[in-house]
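Below is one structure, written out as structure tokens; the observations come after it.
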Amino acid sequence: QVVESGGGLVQAGDSMKLSCAASGRTFSTYTMGWFRQAPGKEREFVAAISRTGISTYYADSVKGRFAISRDNTKNTVYLQMNSLKPEDTADYYCAARNTIVGVTTTEGYAHWGQGTQVTISS
């Protein structure tokens with residue numbers, strides 16, 4: 001089980017940090033990903049991080065502005081979001097998968113959180 005937190009309303013240009021806490025003893029064996037879904041749009045990939053945190057992946061739309069990290073001692077993955085834009089407004093979801101292959105697609109993610117809402121005002 002994963003639970004997201006940290007969403008809210010901020011202005012364009014601000015920063016926000018999302019957290020995703022996972023239960024269980026096997027957190028360090030999972031590749032973790034962040035996705036987002038805006039109203040009326042499909043869920044899209046945002047970022048992913050390998051089990052050890054050595055490898056990270058980003059969507060082009062957030063590269064250079066967002067940073068994913070994890071703390072396996074706390075069973076938590078983070079998404080630091082800087083220079084936020086109104087188009088970043090969406091529900092953000094955390095998910096876990098067993099393999100690094102195909103991290104940018106929703107397929108293969110076995111565990112999804114309920115999401116946290118992020119709203120960026122212009």
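The values are calculated or read from the model by the stated rules, or taken from the named source; none is laboratory data. Just so it is clear, the structure is predicted and the values come from calculations on it, not from any experiment. No Cβ is skipped: glycine too gets one built from the backbone with ideal geometry, and neighbour counts run over all protein chains shown. When the accessible area is computed, the model is the full protein with side chains, heavy atoms only, and any ligands, DNA or RNA have been set aside. Shrake-Rupley method; radii C 1.70, N 1.55, O 1.52, S 1.80 Å.
Residues that are over 15 Å from the mean Cα position of the chain (by Cα) and hydrophobic (A, V, I, L, M, F, W, C): does region 31-47 have at least one?
Checked against the condition, which is being over 15 Å from the mean Cα position of the chain (by Cα) and hydrophobic (A, V, I, L, M, F, W, C), region 31-47 yields no hits at all.
Restricting attention to region 41-56, does a residue exist that is touching a helix residue (DSSP H, G or I) at 6+ places or on another chain (Cβ under 8 Å) and closer than 30 Å to Ser121 by Cα? No; the residues of region 41-56 include none that is touching a helix residue (DSSP H, G or I) at 6+ places or on another chain (Cβ under 8 Å) and closer than 30 Å to Ser121 by Cα. Against the numbered list (1) closer than 20 Å to Ser121 by Cβ; (2) not acidic (Asp, Glu); (3) not in a loop (DSSP other than H, G, I, E, B), Ser19 comes up short only at (1). Restricting region 9-35 to residues that are β-branched (Val, Ile, Thr) and at pLDDT below 95, the residue that is nearest to Val103 (Cα to Cα) is Thr29. Counting only strands (runs of 3 or more DSSP E) that sit completely within region 36-122, those holding 2 or more residues that are modelled with pLDDT under 95 and open to solvent by 50 Å² or more (accessible area, probe 1.4 Å) correspond to 109-112.
Quick check on my filter: what residues within region 1-16 are of a type outside the set (A, V, I, L, M), assigned to a loop (DSSP other than H, G, I, E, B) and exposed (fewer than 15 other Cβ atoms within 10 Å of the Cβ)? Write out each step before concluding.
Within region 1-16, the first condition is being of a type outside the set (A, V, I, L, M), and the residues that meet it are 1, 4-8, 11, 13-15.
From the residues that got through so far, the ones that are assigned to a loop (DSSP other than H, G, I, E, B) too are 1, 6-7, 13-15.
Gln1, Gly13, Asp14, Ser15, listed by residue number.
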